[in-house]
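I have placed the structure first, in the form of structure tokens, so that the comments after it can refer back to it.
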Protein chains: 2
Amino acid sequence: MITKADFQLVRSLADKSVRLERGLFVAEGDKLVGEILQDGGWPIERLFTLAGSPYASHPRAEQVSAKDMERLSHLKSAPRSLALVRLPERRVPKPSAEELVLCLDEIQDPGNLGTIIRTADWYGISHIVCSPTTADCFAPKVVQATMGALLRVEVCYTDLPEWLSEARKGGVPIYATTLDGDDIHSAELTAGGIVVMGNEGKGVSPRVQSLTSHHLYIPPYPHNRRGSESLNVAIATAIVCEIFRNR
Amino acid sequence: MITKADFQLVRSLADKSVRLERGLFVAEGDKLVGEILQDGGWPIERLFTLAGSPYASHPRAEQVSAKDMERLSHLKSAPRSLALVRLPERRVPKPSAEELVLCLDEIQDPGNLGTIIRTADWYGISHIVCSPTTADCFAPKVVQATMGALLRVEVCYTDLPEWLSEARKGGVPIYATTLDGDDIHSAELTAGGIVVMGNEGKGVSPRVQSLTSHHLYIPPYPHNRRGSESLNVAIATAIVCEIFRNR
């Protein structure tokens, strides 16, 4: 039986502070819930389903009406299943030149963050290290936009200048995309290292930029045109990943 | 003086039918309004500004209060200027092998469409031909996401199977991204032609797919991995454009 407190809990998990306090996040939709159940490494606290969901007969499933699901859901159109999942513990990875790591310096839009996580998954990137000012990856809109990639890509939050200083001391290449960088098509790229992507409006912050070792530029077409145009940050991230992974 | 009818008009332009009936769309923000004023080819019907806008002294500017601007705006945070702009007349381009044209088969998310238009602009693509079921490019959310690119990229709507049949008869190469396509990195690509991108969930429709001449696939990394992951359609579009323009 779903209670008023249940509704309040699920709705309140839109807030990061409540997610941290309760140690839970919301996962919606049969596809994502199915992947979580199959993965096994993501403990589910509650599982609400409509009668039509393939998970309606799961031992943990609590059946709810379509109207109740609409009240529970954070999405525009209510899903057939909704789970409350334990927040995982995340450790900040040690900087290494062996793997390609994404670093996000104040990405604010939840849709952009979700798309970046999904893209990272496609390109076999296992770790994303974010500034504390970057959107939270367990916000309902981000979870939704990742399309399940959140289960495979570890996203953590830390003081970027500190973490990048450590990387720099260890000789790990640190790339950032900037407007004055070298053409990414002809630049020398290492297989591993750190790629920093900056805020939607301001780009990479000066403090972080001072810690990078290589500046890259994605040229428009035709190449000699430098207008007022720009690329969305999730798009730029994808192009950088595509080029690093296929050089 | 701003009237109740003005508020109603601006708000109602969220609806495509009202936009077509009135022949107007809403452009918000100093950057976009500035580009429209500078371009000259986009007649402005009304221009509402806050006192702090750089366009507050424009001869057409009607000054409004911050509170009124909030009521007018379709955005989460109200802009300093908002213009009602005449919808342009759009002709469907003749299919040609000389230029690279994007073709959108039922892209539904306004954010995706806006990002695709912005990316097309970056890659020097002048025409996007859409199915009538694709989101409308003059919807407030799309206009916003294009960041001004809508002024430079001509987006039109037509019956895709008919238009593609004409292209095919003329020998214009028609590419589509599919899961069974050839690796885009090694496939032969022409400088011009048509690239079709499909719906967020369903991909390119079977009818349209039957009219294409080349199927392309963007492989994940590592290349032998074919999991349940996928790329967002705006991301896939960007990668295809990046590869076509830098082959």
Considering (1) at pLDDT 95 or above; (2) over 30 Å from A:LEU75 (Cα atoms); (3) not in a helix (DSSP H, G or I), say which one A:GLY181 fails and leave the rest.
(1)
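Just for segment B:1-25: of the residues that are aliphatic (A, V, I, L, M) and assigned to a helix (DSSP H, G or I), which one is nearest to B:CYS137 (Cα to Cα)? Before the answer, list the steps.
Taking segment B:1-25 as the starting set, the residues that turn out to be aliphatic (A, V, I, L, M) are B:1-2, B:5, B:9-10, B:13-14, B:18, B:20, B:24.
Retained after the next criterion (residues that are assigned to a helix (DSSP H, G or I)): B:5, B:9-10, B:18, B:20.
Values: B:ALA5: 25, B:LEU9: 19, B:VAL10: 17, B:VAL18: 14, B:LEU20: 12 Å.
Result: B:LEU20.
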From (1) within 22 Å of the chain's Cα centre (by Cα); (2) in contact (Cβ under 8 Å) with a residue 40 or more places away in the chain, pick out the condition that doesn't hold for B:GLU89.
(2)
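Is there a residue in segment A:149-156 that is more than 24 Å from A:GLY40 (Cβ to Cβ), more than 14 Å from chain B (Cβ to nearest Cβ) and in contact with a strand residue (DSSP E or B) (Cβ under 9 Å, 6 or more places away or on another chain)? Can you show your working first?
Initially, segment A:149-156 is screened for residues more than 24 Å from A:GLY40 (Cβ to Cβ), giving none.
Within segment A:149-156, none of the residues are more than 24 Å from A:GLY40 (Cβ to Cβ), more than 14 Å from chain B (Cβ to nearest Cβ) and in contact with a strand residue (DSSP E or B) (Cβ under 9 Å, 6 or more places away or on another chain).
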If you check B:THR133 against the conditions, is it more than 26 Å from A:LEU151 (Cα to Cα) and polar (S, T, N, Q)?
yes
If you scan segment B:194-229, which residues turn out to be away from chain A (no Cβ under 13 Å), within 25 Å of A:ARG245 (Cβ to Cβ) and small (Gly, Ala, Ser)?
B:GLY198, B:GLY203
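Scan segment A:173-180 and tell me whether some residue there is crowded, with 20+ Cβ neighbours inside 10 Å and either of a type in the set (Gly, Ala, Ser) or in contact with a Pro (Cβ under 7 Å, 6 or more places away or on another chain) (or both).
To start, the set of residues in segment A:173-180 that are crowded, with 20+ Cβ neighbours inside 10 Å comprises A:174-177.
Now drop any that are not either of a type in the set (Gly, Ala, Ser) or in contact with a Pro (Cβ under 7 Å, 6 or more places away or on another chain) (or both), which leaves A:176.
Yes: segment A:173-180 contains one or more residues that are crowded, with 20+ Cβ neighbours inside 10 Å and either of a type in the set (Gly, Ala, Ser) or in contact with a Pro (Cβ under 7 Å, 6 or more places away or on another chain) (or both).
Please go through segment B:13-43 and pick out each residue that is more than 19 Å from B:PRO88 (Cα to Cα) and touching a helix residue (DSSP H, G or I) at 6+ places or on another chain (Cβ under 8 Å).
If we filter segment B:13-43 for residues that are more than 19 Å from B:PRO88 (Cα to Cα), which is where we start, we get B:29-31.
The answer is B:GLY29, and nothing else.
So is B:ALA191 within 22 Å of the chain's Cα centre (by Cα), more than 9 Å from chain A (Cβ to nearest Cβ) and either surrounded by fewer than 20 Cβ atoms within 10 Å (Cβ to Cβ) or not in a loop (DSSP other than H, G, I, E, B) (or both) or not? Give the derivation first.
Working: within 22 Å of the chain's Cα centre (by Cα): yes; more than 9 Å from chain A (Cβ to nearest Cβ): yes; either surrounded by fewer than 20 Cβ atoms within 10 Å (Cβ to Cβ) or not in a loop (DSSP other than H, G, I, E, B) (or both): yes.
Spelling it out, B:ALA191 is indeed within 22 Å of the chain's Cα centre (by Cα), more than 9 Å from chain A (Cβ to nearest Cβ) and either surrounded by fewer than 20 Cβ atoms within 10 Å (Cβ to Cβ) or not in a loop (DSSP other than H, G, I, E, B) (or both).
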Checking B:ALA167 against (1) assigned to a loop (DSSP other than H, G, I, E, B); (2) surrounded by 15 or more Cβ atoms within 10 Å (Cβ to Cβ): exactly one of these is not met. Which one?
(1)
Going through segment B:232-246 in order, the residues found to be in contact with a helix residue (DSSP H, G or I) (Cβ under 9 Å, 6 or more places away or on another chain) and either on the phi > 0 side of the Ramachandran plot or more than 7 Å from every other protein chain (Cβ to nearest Cβ) (or both) are B:VAL233, B:ALA236, B:THR237, B:CYS241, B:ILE243
Might you let me know whether segment B:83-100 holds any residue that is at pLDDT 95 or above, within 18 Å of B:VAL240 (Cα to Cα) and crowded, with 19+ Cβ neighbours inside 10 Å?
yes
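Scan segment A:211-226 and give yes if some residue there is farther than 19 Å from B:TYR123 by Cα and touching a residue at least 60 places away in the same chain (Cβ under 8 Å), otherwise no.
Step one: filter segment A:211-226 for residues farther than 19 Å from B:TYR123 by Cα, giving A:211-215.
Those still in the list that are touching a residue at least 60 places away in the same chain (Cβ under 8 Å) too: none.
The answer is no, given that none of the residues of segment A:211-226 is farther than 19 Å from B:TYR123 by Cα and touching a residue at least 60 places away in the same chain (Cβ under 8 Å).
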Could you list, in sequence order, all residues of segment A:132-160 that are without any contact (Cβ under 8 Å) to a residue 60 or more places away in the chain and of a type in the set (Gly, Ala, Ser)?
A:ALA135, A:ALA145, A:ALA149
For the subset of segment A:108-138 comprising residues that are over 19 Å from B:GLU229 (Cβ atoms) and more than 10 Å from the chain's Cα centre (by Cα), which member is surrounded by the fewest Cβ atoms within 10 Å (Cβ to Cβ)?
A:PRO132
Please specify each residue of segment A:219-247 satisfying the condition of being within 24 Å of B:VAL142 (Cα to Cα) and of a type in the set (A, V, I, L, M, F, W, C).
A:LEU231, A:VAL233, A:ALA234, A:ILE235, A:ALA236, A:ALA238, A:ILE239
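The values are calculated or read from the model by the stated rules, or taken from the named source; none is laboratory data. These figures come from a predicted structure and were not determined experimentally. As a convention, Cβ positions derive from the backbone with ideal geometry for all residues, glycine included, and neighbour counts pool all protein chains shown.
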